[in-house]
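Here, each number is a calculation from the coordinates, and none is a lab measurement. Keep in mind that this is a model prediction, so the values were computed, not measured. Here the Cβ positions follow ideal geometry from the backbone for every residue, glycine too, while neighbour counts run over all protein chains shown.
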Amino acid sequence: MAAKLSGGGGGRYAIEQNSEINVTPFVDIMLVLLIIFMVAAPLATVNVEVKLPRAVAPPQQNPPKPFYVSIQANSRVYIGDNEVLAGPDGVGAELLDLIGNKTPSDERIFIRSDQTTRYGDFMQVMNSLQDSGFYSVALVGEDQAAE
């Protein structure tokens, strides 16, 4: 006697199709990836305090008329030898007046900053320069031999 193995009409070996998606392997892989990232994320942060060496780069030639922005420890900002009266937020506007009809993105700005300058003051100057279109900025530091 024959036994029926599948539903509905069909031949002797007809098997009903299962149209459900098996998500168990997908969930297993996602859980493994989650565990890997949870373990690896704390290892990616830097908590070790180090004193970085000075960078020794060959000196670059200065442009014909360089613009130097100086930031003092007391938050005073200067363009060349002239103080910016509007403070760190007014640097970009004053530089636009100084360059005249030239394109700001073609000008290179050199920033000199005191060692004890607050990082917030430095970032205000950088933001003011970027908002005004000055994207070529160089940071000025001491030469290696000046120690």
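Database remark: amide H of Val84 closer than 5 angstrom to the amide H of Val77, Tyr78, Ile79 (H placed geometrically; neighbours at sequence offset of 5 or more, or on other chains; Pro and chain starts carry no H). Other residues lying with their Cβ under 15 Å from the Cβ of Asn101 contribute a combined charge of -1, Lys and Arg counting +1, Asp and Glu -1.
Counting neighbouring Cβ atoms within 10 Å and putting the fewest first, the residues Leu98, Leu34 line up as Leu34, Leu98.
Net charge around Pro66, counting only other residues with Cβ within less than 15 Å of its Cβ (Lys, Arg = +1; Asp, Glu = -1)?
Numbers: positive: Lys65, Lys102, Arg108, Arg112; negative: Asp81, Asp106, Glu107.
Value of the local net charge: +1.
With the simple model of a label 7 Å out from the Cα in the direction of the Cβ, Asn74 to Asp97 spans 2.3 nm.
Find the all-direction average of the projected area of the Cα convex hull for the stretch 67-146, expressing the result in square nanometres with one decimal place.
Mean orientational projected area (the stretch 67-146, Cα hull): 5.4 nm².
Amide H to amide H distances under 5 Å link Val137 with Ile109, where only residues 5 or more positions off or on other chains count and H is placed in the peptide plane. Rounded to the nearest Hz, the phi-derived 3J(HN,Hα) couplings of the stretch 72-83 under the Karplus curve 6.51 cos²θ - 1.76 cosθ + 1.60 (θ = phi - 60°) are 8, 5, 8, 6, 7, 10, 10, 10, x, 9, 9, 6, where x marks glycine and proline. The order of Ile111, Ile35, going from fewest to most other C-beta atoms within 10 Å of their C-beta, is Ile35, Ile111.
Neighbour counts of other Cβ atoms within 10 Å put Val84, Val77 in the fewest-to-most order Val84, Val77.
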